[in-house]
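Working notes for the structure below.
We did not get these values from a lab; they are worked out from the coordinates using the rules stated. Note that this is a predicted model, so its numbers are computed, not measured. No Cβ is skipped: glycine too gets one built from the backbone with ideal geometry, and neighbour counts run over all protein chains shown.
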Amino acid sequence: MSPQPAWWKEGVVYQIYPRSFQDSNGDGKGDIPGIISRLDEIAALGVRVIWLSPVYKSPQIDNGYDISDYYSIDPIFGTMEDMDRLISEAKKRNIGIVMDLVINHTSDEHQWFQKSRRREDPYTDYYIWQGLPASSAQSKKNLPNNWTSFFMEDCWEYDDLRGEYYLHLFHKKQPDLNYKNPLVYDEVKNILQFWLDKGIAGFRCDVINVIWKTSLADGKKSIMLTGLEHYKCQEGNHDILQKLRKDVLSNYDCFTVGEAVMINLDDAKLLSNADRQELDMVFYFDHLEVDRRFARFIPKQFSAAQLLHRLTKWQQGLDWNAIYFENHDQTRIVSHYGDDSGAGERDSHWERSAKLLAALQITLRGTPFVYQGQEIGMTNFDFSSFNQIKDIETHNLNRLMKKLCFPAWLRWKWLKLSSRDNTRTPFQWTAGEGAGFSTGQSWLGINANHTKLNYESQKNDADSVLSFYKKMINLRRSSEVLKYGEFKPLLATKKLLIYSRESVQTENSSYKEAASSEAYIIACNFSGKRIKLSGEARVLLQGTLAVSNIGRTQWNTSQTFLEAWEAVVLRV
Ligand SMILES: [Ca+2]
């Protein structure tokens, strides 16, 4: 089926993690004036949208995903005037701002929660409170149910003031909202309207498939997330999303992308397919876990065939995809699926693989999301001990693994590979002190490779990773088939994958005309060794060279090899 054209399908989204992007006042934390000062650099990349991780007022227990006031900006990041200026300055550059929307829970410091604790109406039932018989109320062993939290702890906390337990699927300072109370829905509606009226372009909705708790009965015992079956992707959750779409979102020219936890393809279809009128896109994790067991924590061997298989499943399975390789909860893609050796050096495996991953991402079908620093090939951190890590999840996992008697060296090896701090180190603007990020002590360590790997050294270099991203984004912008064409897997081995983007076979003739004139074949060698092309591969790789990541100027159709980490994009 051919997708309906939309501006947010044609543009590229750039994700900013504000704390780590650009500091303007020397306190070591990035802020909104810092972002405004870099809008020209962002615009030069060719993006259409900026998604901001949360900047709302927050005690910052979970880096802003614990909101204490949805209508004000946290002083760390600036003021509402700064935010208004960001929206208008971005608009001048034809860039829309997408806000993070965290509505599964609030901070316990939110006034709704403080009033709810005191049973002050109308806030009494804004959260999920459960009492217990007086005799057992204080006994830790007798919680309202056996659920466990996303932070691998109990998910009930006793509140002395109210004399009841409240549910928190995340941190105990993040109480879950009660969507069975219609007043909570009204509050959320008001929040959406407030920000849309300010002119923002949409929302990235945090953990959006767990907001409705159908029942609070005990869950099936599980090593992670006991109780999940009572709140993941429930009918009531779909009802809320449909209602928000109808009541609010459909009145604005905006889009939504949902972060959905533990979803399969069928869940994703229900959340995001166009006829459902819920979300416009969802983030899923499948394609980033090809070389991981047990979610993303334990490594296993990478296979290009497996990657293509998983990509195909989602590319062909959903009406529209959100294509991301990195975000603030992941690791750097060049260190993950690429090879970061020689970071910052010309024609190193780092440079080639960073470009290969750009060629792959930008030629997939869906809206590409580029995470800050990805466009210059930033790598995983170079920390050497747990003391340098701020990520609360890494410390929780470390404790859990210690309890299970994993030796220290193995814990470090695995957690280093999965820690979210890998993508949270400050943006490397320059080779200088503080990497041009801050004149003060930065909140998280800066990668020592910033002396070689930085924005400054790449911006005027036509062969840099940054220039390659610009080239790919431009190519996509100019091609209907790269935007809307079908995705077809053609061939894959352990190291090599080949696919095409072709015009959509459709009844809709105007659409067909637009997309029928061209096709692209993309081949990627996911290895540090030159590989010989099979006869079958050589037959597929016919066409004119559109893009090369190793400086080829033409593609010879009798070509029998792909070089180490080589990607070719051919036009046919
Ligand atoms: Ca600052």
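Here's a check for you: in the range 1-26, which residue that is of a type in the set (Gly, Ala, Ser) and buried (at least 22 other Cβ atoms within 10 Å of the Cβ) is nearest to the ligand (Cβ to nearest atom)? So that I can check it myself, show each step before the final result.
The first filter runs over the range 1-26 and keeps only residues of a type in the set (Gly, Ala, Ser), leaving 2, 6, 11, 20, 24, 26.
Now restrict to residues that are buried (at least 22 other Cβ atoms within 10 Å of the Cβ): 11, 20.
On the way: Gly11: 28, Ser20: 11 Å.
Among them, the one singled out is Ser20.
Per-residue answers, yes or no, for (1) within 16 Å of the ligand (Cβ to nearest atom); (2) part of a loop (DSSP other than H, G, I, E, B); (3) surrounded by 18 or more Cβ atoms within 10 Å (Cβ to Cβ):
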position: Phe406; (1), (2), (3): no, yes, no
position: Leu410; (1), (2), (3): no, no, no
position: Leu415; (1), (2), (3): no, no, yes
position: Pro426; (1), (2), (3): yes, yes, yes
position: Thr430; (1), (2), (3): no, yes, no
position: Gly434; (1), (2), (3): yes, no, yes
position: Gly440; (1), (2), (3): yes, yes, no
position: Leu444; (1), (2), (3): yes, yes, yes
Listed by first then second residue, the pairs whose first member lies in the range 517-539 and is assigned to a helix (DSSP H, G or I), whose partner is surrounded by 14 or more Cβ atoms within 10 Å (Cβ to Cβ), with beta carbons under 8 Å and at least 6 positions apart or on separate chains, are Glu536/Leu491; Ala537/Leu491; Ala537/Leu496; Ala537/Ile498; Ala537/Ala523; Arg538/Gln559
When you scan the range 180-192, do you find a residue that is of a type in the set (Ser, Thr, Tyr), touching a residue at least 12 places away in the same chain (Cβ under 8 Å) and under 19 Å from His230 (Cβ atoms), even just one? no
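In contact with a Gly (Cβ under 8 Å, 6 or more places away or on another chain) and farther than 30 Å from Gly485 by Cβ: does that describe Gln22? I'd like the intermediate steps shown before the answer.
Numbers: in contact with a Gly (Cβ under 8 Å, 6 or more places away or on another chain): yes; farther than 30 Å from Gly485 by Cβ: yes.
Yes.
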Wholly within the range 154-229, which strands (runs of 3 or more DSSP E) include no fewer than the required count, namely at least 2 residues that are farther than 21 Å from Trp129 by Cα? 202-205
Could you please let me know if Ala462 is free of Cβ contacts under 8 Å to residues at least 60 places away in the same chain and assigned to a loop (DSSP other than H, G, I, E, B)? yes
From Thr214, Thr148, grab the single residue that is surrounded by 15 or more Cβ atoms within 10 Å (Cβ to Cβ), of a type in the set (Val, Ile, Thr) and farther than 30 Å from Ala6 by Cβ. Thr148
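In this structure, does Leu453 turn out to be in a loop (DSSP other than H, G, I, E, B), within 21 Å of Asp340 (Cβ to Cβ) and of a type in the set (A, V, I, L, M)?
Values: in a loop (DSSP other than H, G, I, E, B): yes; within 21 Å of Asp340 (Cβ to Cβ): yes; of a type in the set (A, V, I, L, M): yes.
So Leu453 fits the description; yes.
For the range 67-119, enumerate the residues that are among the hydrophobic types (A, V, I, L, M, F, W, C) and closer than 26 Å to Lys213 by Cβ.
Filtering the range 67-119 for residues among the hydrophobic types (A, V, I, L, M, F, W, C) gives 67, 73, 76-77, 80, 83, 86-87, 90, 95, 97-99, 101-103, 112-113.
Those that are among the hydrophobic types (A, V, I, L, M, F, W, C) and closer than 26 Å to Lys213 by Cβ: Ile67, Met99, Leu101, Val102, Ile103, Trp112, Phe113.
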Pairs, first farther than 20 Å from Asp62 by Cβ and touching a residue at least 60 places away in the same chain (Cβ under 8 Å) in the range 17-34, second part of a loop (DSSP other than H, G, I, E, B) and more than 9 Å from the ligand (Cβ to nearest atom), C-beta under 7 Å, six or more apart: Gln22/Arg38; Gln22/Phe427; Gln22/Phe437; Asp23/Phe437; Gly26/Thr439
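Does the range 391-423 hold any residues that are of a type outside the set (Asp, Glu) and touching a Gly at 6+ places or on another chain (Cβ under 9 Å), and which are they? Walk me through how you get there before you give the answer.
First, pick out the residues of the range 391-423 that are of a type outside the set (Asp, Glu): 392, 394-420, 422-423.
Answer for the range 391-423, where residues must be of a type outside the set (Asp, Glu) and touching a Gly at 6+ places or on another chain (Cβ under 9 Å): just Thr423.
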Tell me which residues, restricted to the range 73-123, are in contact with a helix residue (DSSP H, G or I) (Cβ under 7 Å, 6 or more places away or on another chain) and among the polar types (S, T, N, Q). Thr106
Which condition number does Lys390 fail, the rest of (1) of a type in the set (D, E, K, R); (2) surrounded by fewer than 19 Cβ atoms within 10 Å (Cβ to Cβ); (3) part of a helix (DSSP H, G or I) being met? (3)
